[in-house]
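Report on the structure given below.
The values are calculated or read from the model by the stated rules, or taken from the named source; none is laboratory data. Source: prediction; values computed, not measured. Positions of Cβ are backbone-derived with ideal geometry, glycine not excepted, and every protein chain shown enters the neighbour counts.
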Amino acid sequence: MKPVIGFIGLGLMGKPMAQNLLRAGFPLVVWNRTKAKADELTKSGAKLASSPRDAASRCDVLITIVSDPPALEEVLWGSQGALDALKRGATLIDSSTVSPDLARRVAAECEKRGIDFLDAPVTGGTWGAEKGELVFMVGGKAAVLERMTSILSAMGKKFPLLGPNGAGQTVKLAMNLLLAIQVDGFAEALALVTAAGVPADRLMEIFLSSMGRSGVLEVKAPMMVKGEFPASFPLRLMHKDVRLALELAREKGIMLPAGAAAYATYSAVKDVSNDDPDFSAISRFWRK
Ligand code: NA7
C-alpha cells in the first residue's frame with residue numbers, strides 16, 4: 001500500500017509537484033495558507049487539511065515547500081505547526097530553500113521525535129515541476145533516501161545524496177548564487193551594448209553561438225531583451241537565496257565579491273518592482 005503523503009505549500013513549485021504525486025496514485029492530504037490554491041488538487045482527489053498540524057497527523061510522509069526560513073519555521077513550529085503532530089517513524093522532506101543551519105535544526109528536532117528528515121531543495125523551475133523532472137539536492141541518510149525513492153521519482157528525475165543534513169541546502173545556495181551571477185552578467189552585457197547604441201539582437205546573435213551561452217541564459221536572455229518577465233523563478237526568492245548564500249559565506253569566513261555585487265543589484269530592482277517579476281527582471285536596473 002502506498003504511504004499517505006502530506007503536502008504543505010502549494011505555490012508555483014508545490015502545486016505541480018503535488019499534482020504529480022496524485023497522478024502517481026499517492027493518497028494526498030494538502031494544506032496551503034491561502035486555501036483557494038488547494039481547490040484544483042482537492043477536485044482531483046486530494047484531501048484538505050485544516051492546518052499544518054492536521055496535515056502532519058494524517059500522513060506517513062510530509063513534504064514542505066514554502067517561501068523562506070520564517071515560513072518554514074511557521075509551518076513546523078507555529079501554533080498550528082506540523083512537527084509535534086508527526087508520528088514516530090514518519091518522514092519529513094523539506095524542499096523549500098532555507099539555510100543549511102535551519103535544515104540541521106529541523107533534523108535535530110526530528111531526531112528527538114523519531115522522525116526521519118531529508119533536506120531536499122529542488123532545481124528545474126516550474127517547467128521541471130510540471131514535467132516531473134526536478135532535480136532534488138538531498139542532505140540526510142542514504143537509507144532514508146532509499147525509502148523515499150518512489151515518492152521523489154514521481155516529482156523528479158534525479159535525487160543525489162550530497163552529504164548529511166544541510167548539504168542539500170548548501171549545494172542549492174551555491175547553485176542559485178551561480179545562476180544569479182550569470183543572469184546579472186548578461187544583464188550588464190545587455191546594458192553595455194544598448195548604452196553604446198548597438199541593438200540587443202546583435203549581442204544575442206553572437207551570444208547564442210559563443211562559449212558565453214548557458215542553460216539558464218538560453219531561457220532568460222530572450223526575456224531580458226524583450227523586457228518581459230513573467231515569474232518562473234520570482235526575483236524575491238532569488239534575492240532571498242543570494243542573501244542566504246552571503247550569510248553562509250560570512251559564517252564560513254569567505255568573501256563572495258561577485259555575489260555581494262549581484263545582491264545589491266537584485267535588492268535595488270526588488271525595491272522598485274511591485275509586480276512580483278521573474279529574477280531576470282534584474283535588467284530593469286538599467287531601464288530609464
Ligand atoms: P511561491 O510560489 O512564492 O510559494 C510560496 C509558498 O509558501 C506558498 O504556498 C505560500 O503560501 C507559502 N508561505 C509563505 N509564507 C508562509 C507562511 N508564513 N506560512 C505558511 N505558508 C507560507 O514560491 P515557490 O513555490 O516558487 O517556491 C517555494 C520554495 O522553493 C522557495 O523556498 C523557493 O526558494 C524554492 P500562500 O499561497 O502565499 O498563502
Hits in segment 126-137 - residues which are surrounded by fewer than 21 Cβ atoms within 10 Å (Cβ to Cβ) and in a helix (DSSP H, G or I) = T126, W127, G128, E130, K131
message = Anything in segment 106-137 that is within 16 Å of the ligand (Cβ to nearest atom), more than 11 Å from the chain's Cα centre (by Cα) and within 18 Å of G9 (Cβ to Cβ)? List them, or say none.
response = V106, L118, D119, G128, E130, G132
ask   = Do you know which residues across segment 107-145 are among the acidic types (D, E) and touching a strand residue (DSSP E or B) at 6+ places or on another chain (Cβ under 7 Å)?
value = D116, D119, E133
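Results for (1) among the acidic types (D, E); (2) out of contact with any Phe, Trp or Tyr (no Cβ under 8 Å at 6 or more places or on another chain); (3) crowded, with 19+ Cβ neighbours inside 10 Å, shown as yes or no for each residue.
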{"position": "K87", "(1), (2), (3)": "no, yes, no"}
{"position": "E111", "(1), (2), (3)": "yes, no, no"}
{"position": "G124", "(1), (2), (3)": "no, yes, yes"}
{"position": "I151", "(1), (2), (3)": "no, no, yes"}
ask   = Considering segment 94-117 alone, what residues qualify as being out of contact with any Ser or Thr (no Cβ under 8 Å at 6 or more places or on another chain) and either closer than 19 Å to F159 by Cβ or outside any helix (DSSP H, G or I) (or both)?
value = T97, V98, S99, A103, V106, A107, C110, G114
query = Would a scan of segment 138-154 turn up a residue that is outside any strand (DSSP E or B), within 16 Å of the ligand (Cβ to nearest atom) and not assigned by TED's automatic domain parsing to the domain that holds T265?
reply = yes
request  = May I ask you to list the residues in segment 17-57 that are touching a residue at least 40 places away in the same chain (Cβ under 8 Å) and surrounded by fewer than 18 Cβ atoms within 10 Å (Cβ to Cβ)?
outcome  = R23, A24
query = In the set V193, V198, which member is under 28 Å from A258 (Cβ atoms), outside any helix (DSSP H, G or I) and either at pLDDT below 95 or not assigned by TED's automatic domain parsing to the domain that holds K15 (or both)?
reply = V198
key: strands (runs of 3 or more DSSP E) fully within segment 1-89 counting 3 or more residues that are away from the ligand (no atom under 11 Å from the Cβ) and modelled with pLDDT of 95 or more   = 61-64
note = Expected output for segment 138-154 (first residue at negative phi, partner of a type in the set (S, T, N, Q) and part of a helix (DSSP H, G or I), Cβ below 7 Å, 6+ apart or cross-chain) is G139/Q169; A154/N20
